[in-house]
1. Using the structure shown, decide if residue 79 is open to solvent by less than 40 Å² (accessible area, probe 1.4 Å), under 17 Å from the mean Cα position of the chain (by Cα) and either among the polar types (S, T, N, Q) or closer than 18 Å to residue 7 by Cβ (or both).
2. Looking at this structure, is residue 114 surrounded by 16 or more Cβ atoms within 10 Å (Cβ to Cβ) and out of contact with any helix residue (DSSP H, G or I) (no Cβ under 8 Å at 6 or more places or on another chain)?
3. Out of the residues in segment 82-103 that are β-branched (Val, Ile, Thr) and free of Cβ contacts under 8 Å to residues at least 60 places away in the same chain, state the one that is surrounded by the most Cβ atoms within 10 Å (Cβ to Cβ).
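The values are calculated or read from the model by the stated rules, or taken from the named source; none is laboratory data. Values in this document were obtained by computation on a predicted structure and should not be read as measured data. In this analysis, Cβ positions are derived from the backbone assuming ideal geometry, glycine residues included, and neighbour counts consider all displayed protein chains. Remember, those area values only see protein heavy atoms, side chains included, never the ligands or the DNA or RNA. Shrake-Rupley method; radii C 1.70, N 1.55, O 1.52, S 1.80 Å.
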Amino acid sequence: EPLFGDFELSFQWKIAPGGNSGVKYRVRHYVDHFLGCEYQIYDGLYRGYRIDPRNATASIYDLFEPRRAVRPRPAGEYNEAVIRVSGNRLEHWLNGTLATTAVVGSAEWQQRIVESKFCDAPGFAQDRLGRIMLTDHGSEVWYRDICLKLLPLVGGSRE
């Protein structure tokens, strides 16, 4: 299975009402299971559910919430997403707007890891190479126009 370093992944997605899914990257084996950073896809408008902003659509799941002004289109409508990984900088875009960004290994990153479900995964996402995968929580979700563009590794080679 290929491992990816720096890249830009663009895609369109739509989700069923009440759906929960996402795209994970920098996926590696930690302790007893595979984990990675996740571009969360969630129908937060379903039946007025309230969720932690760190779990909202376009968040870096359980770590960094999207900016308040960023809103996905309603369930059943396509959205455009971009995940950009360059060095330690992670960016999630939604419908042409930068939704959230983080710097892996920064003081803020470390604090948010401690407060997250990843606190028991030593070095979470600090390895710059990993797999890309789709999550499956039993919700219907559609993806189209998927484009993966590999970027030169910042500060290193692809070897």
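1. Taking the combined requirement at face value, the residue satisfies it.
2. No: the conditions fail for residue 114.
3. Per the stated criteria, the residue is 100.
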